[in-house]
2 protein chains.
Amino acid sequence: MTFSRMSILGVGLLGGSIGLAVKSGSKQCHIIGYGHRPESLELAKTKGAIDEIASTPAEAAQGADLVILCTPVGTFGSILQEIAGSLKPGAIVTDVGSTKRTVCDLAGKLLPAGVHFVGSHPMAGSERRGMEAARANLFKQALCITTPTPRTDRQALSAVESFWNQLGMRTTRLSPEDHDRILAEVSHLPHALAAALMSTQDNAAVHVAGKGLLDTTRIAAGDAGLWRDVFLDNADNMRLALTKLRAQLDRFELLLKDPKGEGLKDWLDRAAQRRQSIAPPERPDPNG
Amino acid sequence: MTFSRMSILGVGLLGGSIGLAVKSGSKQCHIIGYGHRPESLELAKTKGAIDEIASTPAEAAQGADLVILCTPVGTFGSILQEIAGSLKPGAIVTDVGSTKRTVCDLAGKLLPAGVHFVGSHPMAGSERRGMEAARANLFKQALCITTPTPRTDRQALSAVESFWNQLGMRTTRLSPEDHDRILAEVSHLPHALAAALMSTQDNAAVHVAGKGLLDTTRIAAGDAGLWRDVFLDNADNMRLALTKLRAQLDRFELLLKDPKGEGLKDWLDRAAQRRQSIAPPERPDPNG
């Protein structure tokens, strides 16, 4: 690990898992944790995800080589403001937020010269929450998107990318704008749809729920506060994604009118091929 | 097994798995298989899912105590017509279709007096297809919905329900009308949405697909022909389900406009609670 002193702000599923993953690779890095739930911080310390508990973000960030924002995206503005004065020159700040335009803008405005911000979106997580669900292998083989801008320091970018690589992640780069537009479709829209689908079900339906509903709505069990922040921060792209989705639903409903269903079969076939192209059908569970 | 001679019409994932499951419980039942793909029938015989291959549905049904329709729902009319003349008195016919009004109507019209039809919907399956994916434990702990009507013979209904119970399924009863209305919401709508969601994604999005998109769209990889039949047969209920879903999407988009996001958090919270009420969050994969 290149960083000898690290600060994790927000010790939930992602922050806690980062601590565990770093420590599983090297004991050399000293990790300071901050969070608003004392019991999470204690648990993080007991489990060895952090070495030390700080009582404010500023205290946690002091002297750190790498500061990682792991709180909900709606809190990044105030956290960046709080830590700006206590960051050492050359410190690198990154984050794990699901939206990137706002945090990159805020960092540009709020962080002092000589401190480097690199936006990161490690695409790991689950519908489970908190330090209780944290695990060292959460990031293994998953993708981390970094979002450099023309202002991003290239050395800091490399350092952050190798950090994620050391946690087992692949990395790829997107501009903050491309990130938010693409993620609206590939991640935020599925989440909104899962929630809408759960809200559509009446009680009778829920009683006969099968694997199809369970799979399609699993992510709807995620943290509402965290996702509210994501949706609000990416509202413009969400509207575009919803418009595209509604067009597909309209197309489906139109195709339902043809009793021969040739167009419907084509539409379903193309969706099936597209789905198979991103991942082959799951192997059956031998114990299932 | 109460039935000593059984006919499976359509030896794909469900038909093949029924054969394997029956044979894993008892070798006493003689199973005749019919299907349009000779290689599936041969594989079914090799794997022990069927004892004998018939060249027509009528030949397969001859002398059977239980005939199970396992072909796509769009084929049920012609299959019932073909077998009607060769069923023995007292024979029981059931099916595994995902819609129930049409097949119950057709059976009432096409089957002779003295032959008993019981609609069944074993809610097992996967996005995998064909005899290749068949397995004896496919039905274990899953739910089978039977759809008796006032005309349904009660003894035949019991016999069919214990058949599914012997394959490891729980059973519950719904009228064909309730079944199709409820399943439109709980099963057919999720499938249509998964396909719409895949069709919405552009290529850039597919490259950064994470677990959220994979989970929500897994069922979209299913058999397009089979699902076309289901959607067309349940088109009226699909329209109602789409209307309910669109109302939720409209609500979501409206809630996006409030920058404080209180209503949005409530909406997401209710969906999360509803999702958690049908199944707790998955345990993390220890090898993940």
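The values are calculated or read from the model by the stated rules, or taken from the named source; none is laboratory data. In this text, all values refer to a predicted model and were calculated from it rather than measured experimentally. All Cβ positions, even for glycine, are placed from backbone atoms using ideal geometry, and neighbour counts span all protein chains on display. What goes into the accessible areas is simple: the full protein's heavy atoms, side chains included, and nothing from ligands, DNA or RNA. Shrake-Rupley method; radii C 1.70, N 1.55, O 1.52, S 1.80 Å.
Worth a mention:
- Tabulated pairs, region A:60-80, first over 18 Å from A:Phe163 (Cα atoms), second in a helix (DSSP H, G or I) and basic (Lys, Arg), C-beta under 8 angstrom, 6+ apart or interchain: A:Gly74/A:Arg228
- All positions within region A:79-93 that are open to solvent by less than 60 Å² (accessible area, probe 1.4 Å) and among the polar types (S, T, N, Q): A:Ser86
- Within region B:65-87, the set of residues being in contact with a strand residue (DSSP E or B) (Cβ under 7 Å, 6 or more places away or on another chain) and under 13 Å from B:Tyr34 (Cα atoms) comprises B:Val67, B:Ile68, B:Leu69, B:Cys70, B:Thr71, B:Ile79, B:Ile83.
- Residue in region A:21-54 that is nearest to A:Ile68 (Cα to Cα), counting only those that are open to solvent by 80 Å² or more (accessible area, probe 1.4 Å) and part of a loop (DSSP other than H, G, I, E, B): A:His36
- For region A:96-109, the count of residues that are in a loop (DSSP other than H, G, I, E, B) and over 21 Å from A:Gly15 (Cα atoms) is zero.
- Criterion (at the interface with another protein chain (Cβ under 10 Å from one of its Cβ atoms) and among the hydrophobic types (A, V, I, L, M, F, W, C)) met by exactly one of A:Ala136, A:Ala195, A:Ala156: A:Ala195
- Conditions (1) assigned to a helix (DSSP H, G or I); (2) under 23 Å from B:Ser4 (Cα atoms); number of the one not met by B:Ala64: (1)
- Residues located in region B:134-152, provided they are open to solvent by 20 Å² or more (accessible area, probe 1.4 Å), farther than 17 Å from B:Gly97 by Cβ and in contact (Cβ under 8 Å) with a residue 12 or more places away in the chain: B:Arg135, B:Ala136, B:Asn137, B:Lys140, B:Gln141, B:Arg151
- Of the helices (runs of 4 or more DSSP H) lying entirely inside region B:153-256, the ones with 2 or more residues being buried (at least 19 other Cβ atoms within 10 Å of the Cβ) and of a type outside the set (Val, Ile, Thr) are found at B:154-166, B:176-183, B:189-200, B:211-217, B:224-233, B:235-255.
- Residue within region A:7-19 that is surrounded by fewer than 24 Cβ atoms within 10 Å (Cβ to Cβ), among the small types (Gly, Ala, Ser) and more than 18 Å from A:Met169 (Cα to Cα) present: no
- Residues located in region A:139-153, provided they are facing chain B (nearest Cβ under 10 Å) and of a type in the set (S, T, N, Q): A:Gln141
- When A:Leu268 is tested against (1) at the interface with another protein chain (Cβ under 8 Å from one of its Cβ atoms); (2) under 24 Å from the mean Cα position of the chain (by Cα), only condition (2) is not met.
- Options A:Leu255, A:Leu213; residue that is more than 7 Å from chain B (Cβ to nearest Cβ) and either closer than 30 Å to B:Ala124 by Cβ or of a type in the set (Ser, Thr, Tyr) (or both): A:Leu255
- Some residue of region A:183-191 being touching a His at 6+ places or on another chain (Cβ under 7 Å) and farther than 23 Å from B:Thr172 by Cα: no
- Filter pass, A:Lys88 being free of Cβ contacts under 8 Å to residues at least 12 places away in the same chain and part of a loop (DSSP other than H, G, I, E, B): no
- Residue check for B:Leu226: closer than 26 Å to B:Val73 by Cβ, under 24 Å from the mean Cα position of the chain (by Cα), more than 8 Å from chain A (Cβ to nearest Cβ) and modelled with pLDDT under 95: yes
- Scanning region B:123-133 for residues being more than 10 Å from chain A (Cβ to nearest Cβ) and either surrounded by 19 or more Cβ atoms within 10 Å (Cβ to Cβ) or under 12 Å from the mean Cα position of the chain (by Cα) (or both) gives a total of 1.
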